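Read through the structure below, which is laid out as structure tokens, and then see the notes.
The values are calculated or read from the model by the stated rules, or taken from the named source; none is laboratory data. This one's a predicted model, so the numbers in the text were calculated from it and none came from an experiment. With ideal geometry, Cβ positions are generated from the backbone for all residues, glycine too; neighbour counts draw on all protein chains shown.
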Amino acid sequence: MDDKLKRYNKKNHLLKIFLVILLFWLILSGIFSMPLIILGLASTVFVLYIVNRMDLVDHEVSLHNFNAIALISYFFWLIKEIIISNLKVCICILTPGNTTKPETMSIKSSQKSELAHTIYANSITLTPGTVTIDIKDNILVVHTLDKKFKDSLESGEMDKKLYKTEILIEDKENKID
């Protein structure tokens, strides 16, 4: 990787992780008394220390390769899709005489990073009616509950939306020049 492209700064990344974990902890606790906030700070520092000692933080798993606004937009789109799929599964199950036709299919992922492949596979699994069984290179093996779920995946909408969140190396090179 070119020195110009090496914008990854571990200390800045650890600080961002610290803030995200602390914010997440505060939201989940819902209690904002000083002793609990101090406990949250201590817990967050401890988790960050362990993650750093285990060397789990690197440029590969950081979100530096993603457009933050596009990723947040994708997240809200995914929540909508999860709700719609829940309704489709309910209709499939509750409709009298309706028989499901489960299928296994292979789909190609256009994502470039391993993290993006993982996000894509998990997005498929989070959406009711589909489960990612295996990932090999950029091919995902997915089990679908019925043809309508298969058709939804074959349309490639989720793949395209997630692809748009990635900041590709070529894009970084163009921005630097």
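Just checking, which of 134, 159, 146 is within 18 Å of residue 80 (Cα to Cα) and of a type in the set (Asp, Glu)? Full working, then the answer.
Working: 134 fails: within 18 Å of residue 80 (Cα to Cα); 146 fails: within 18 Å of residue 80 (Cα to Cα).
Every option except 159 fails the conditions.
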### Task
Give the range 122-157 a look and list any residue that's farther than 23 Å from residue 95 by Cβ, in a loop (DSSP other than H, G, I, E, B) and in contact with a strand residue (DSSP E or B) (Cβ under 9 Å, 6 or more places away or on another chain), or say none.
138, 156
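Please verify whether residue 76 is in a helix (DSSP H, G or I) and exposed (fewer than 13 other Cβ atoms within 10 Å of the Cβ), treating the condition exactly as stated.
Numbers: in a helix (DSSP H, G or I): yes; exposed (fewer than 13 other Cβ atoms within 10 Å of the Cβ): yes.
Criteria met by residue 76.
On the given criteria, is residue 135 surrounded by 12 or more Cβ atoms within 10 Å (Cβ to Cβ) and not small (Gly, Ala, Ser)? Let's see the steps before the verdict.
Working: surrounded by 12 or more Cβ atoms within 10 Å (Cβ to Cβ): yes; not small (Gly, Ala, Ser): yes.
Against the criterion (surrounded by 12 or more Cβ atoms within 10 Å (Cβ to Cβ) and not small (Gly, Ala, Ser)), residue 135 qualifies.
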### Task
With the condition kept exactly as written, say whether any residue in the range 105-120 is more than 18 Å from the chain's Cα centre (by Cα) and farther than 23 Å from residue 67 by Cβ.
yes
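Being in a helix (DSSP H, G or I), in the same structural domain as residue 160 (by TED's automatic domain parsing), surrounded by 11 or more Cβ atoms within 10 Å (Cβ to Cβ) and more than 14 Å from the chain's Cα centre (by Cα) is the requirement here; does residue 43 meet it? Outline the logic, then answer.
Details: in a helix (DSSP H, G or I): yes; in the same structural domain as residue 160 (by TED's automatic domain parsing): no; surrounded by 11 or more Cβ atoms within 10 Å (Cβ to Cβ): yes; more than 14 Å from the chain's Cα centre (by Cα): yes.
Criteria not met by residue 43.
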### Task
Kindly list the number of the only condition in (1) under 30 Å from residue 11 (Cβ atoms); (2) in the same structural domain as residue 135 (by TED's automatic domain parsing); (3) touching a Gly at 6+ places or on another chain (Cβ under 6 Å); (4) of a type outside the set (Ser, Thr, Tyr) that fails for residue 89.
(1)
### Query
Mind checking which pairs have a first residue in the range 107-133 that is under 14 Å from residue 164 (Cβ atoms) and a second that is small (Gly, Ala, Ser), Cβ under 6 Å, 6 or more apart or different chains?
120/109
### Task
Determine whether the range 98-118 contains at least one residue that is at pLDDT below 85, hydrophobic (A, V, I, L, M, F, W, C) and under 16 Å from residue 159 (Cβ atoms).
yes
